[in-house]
Amino acid sequence: MERFYTCNCFFRDNIFLEEYKLHVRFVSESQFRSDYQNILRSLGCVSESQFRDVIGKIHAEIERRQNHKLKSPERAATIKEIYTPLHQHVYHLQESFLAPELLQMIKYCASSDATVEGLMKLIQTEAAPRVYRFPVFRKEFCNDLIEELEHFEQSDAPKGRPNTMNNYGILLNELGFDEGFITPLREVYLRPLTALLYSDCGGSCLDSHKAFVVKYAIREDLELCYHYDNAEVTLNVSLGKDFTEGNLFFGDMRQVPLSETECVEVEHHVTEGLLHRGQHMHGALPISSGTRWNLIIWMRASRERNKLCPMCGKKPTLVESYGFSDGFTVDPDDDTSRNVSCSLT
């Protein structure tokens, strides 16, 4: 089995400061002051005590990321030992879970004469440039999955959160969804679509993923700030429950300055997925009532990211990690990629 790695930038780049809605890079305090102190002052971080509080939160996040390699498999083992699922069937993908429209699209992609133009006739909507919306699951499955997620949330089992932007959510690999559900979904049902739609950015060679669910609710997370994903291609499925507002919005690719970007608001209906490039800037507007669960699958192509890390924009310096890690692999024909380090630089 292929071994996957993390880029060393994971520990220091793209740290989200929730209070200031700002992503930062931290190498040293002097670098951080030089790069961000003026920006933070303009956002309300005006005193030295406020600044020290920011530094403390950054160090805590770096420590959490460093410990992830050990903590994540520990959590997964504990969950397997002590947690009793409510709906065991949702952990194993069945075609009966999938929307007929998706199955029709997959059948078309399997034909020898399949083209992007032909596939576009079956896709429900191009919601924004190269952002595709179509049904993914049946409503009954979405209801069962949400019941399972809520049952897990109410249990005493340990819970790893998806990232610094989502305080409420679940890492699906730790809950046991990878092997029987997410991997076959990616390999059998999603890759035929992405191979046609995103052949220019690794869509035909997606070989790993990170899958998680996020939860939005009143007095919890309400929205998601403008960002890009650590992925070549992302699928975002609205699972439910009952909520109002909370549309997604898409700008341009991350390389385009915000001043030159015009955002497009996109409705996200329950059971439907939005498929887009990971580097496409996007966010979620706040819900105004109810509870909303979304399934997010960051799909990675090692062939693409081995050349250039999508997060730091440099050739990756690899660090051993757990599971699919961040989707980097060691190229046996590249001498430089064999310099795998477990220490921070």
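The single condition among (1) in contact with a helix residue (DSSP H, G or I) (Cβ under 7 Å, 6 or more places away or on another chain); (2) under 22 Å from Thr78 (Cβ atoms); (3) not in a helix (DSSP H, G or I) that Lys159 does not satisfy is (1).
Residues in segment 222-259 that are out of contact with any Phe, Trp or Tyr (no Cβ under 8 Å at 6 or more places or on another chain), touching a residue at least 40 places away in the same chain (Cβ under 8 Å) and assigned to a loop (DSSP other than H, G, I, E, B): Tyr228, Asp242.
Of everything listed in (1) out of contact with any strand residue (DSSP E or B) (no Cβ under 8 Å at 6 or more places or on another chain); (2) assigned to a helix (DSSP H, G or I); (3) within 29 Å of Tyr226 (Cα to Cα), the single unmet condition for Glu179 is (3).
Only one entry of Thr183, Thr194 meets the criterion of being open to solvent by less than 30 Å² (accessible area, probe 1.4 Å), of a type in the set (Val, Ile, Thr) and in contact with a His (Cβ under 8 Å, 6 or more places away or on another chain), and that entry is Thr183. Among the residues of segment 230-254, those identified as surrounded by fewer than 22 Cβ atoms within 10 Å (Cβ to Cβ), small (Gly, Ala, Ser) and at pLDDT 90 or above are Gly240, Gly251.
Any residue in segment 288-296 that is on the phi > 0 side of the Ramachandran plot, in contact (Cβ under 8 Å) with a residue 24 or more places away in the chain and not hydroxyl-bearing (Ser, Thr, Tyr)? Checking segment 288-296: at least one residue is on the phi > 0 side of the Ramachandran plot, in contact (Cβ under 8 Å) with a residue 24 or more places away in the chain and not hydroxyl-bearing (Ser, Thr, Tyr).
Which of the residues that make up segment 260-289 are polar (S, T, N, Q) and either out of contact with any strand residue (DSSP E or B) (no Cβ under 6 Å at 6 or more places or on another chain) or assigned to a loop (DSSP other than H, G, I, E, B) (or both)? Result: Thr261, Thr271, Gln279.
Tallying residues that are farther than 16 Å from Arg133 by Cβ and open to solvent by 10 Å² or more (accessible area, probe 1.4 Å) within segment 259-286 yields 9.
Listed here are the residues, each with its yes/no results for (1) assigned to a helix (DSSP H, G or I); (2) open to solvent by 20 Å² or more (accessible area, probe 1.4 Å); (3) not acidic (Asp, Glu).
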residue	(1), (2), (3)
Arg3	no, yes, yes
Phe10	yes, yes, yes
Glu19	yes, yes, no
His23	no, yes, yes
Phe26	no, no, yes
Ser30	yes, yes, yes
Arg33	yes, yes, yes
Gln37	yes, yes, yes
Arg41	yes, yes, yes
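The values are calculated or read from the model by the stated rules, or taken from the named source; none is laboratory data. As the structure is a computational prediction, the values presented were derived from the model and not from experiment. In this analysis, Cβ positions are derived from the backbone assuming ideal geometry, glycine residues included, and neighbour counts consider all displayed protein chains. Side chains included, ligands, DNA and RNA excluded: accessible areas come from the protein's heavy atoms. Shrake-Rupley method; radii C 1.70, N 1.55, O 1.52, S 1.80 Å.
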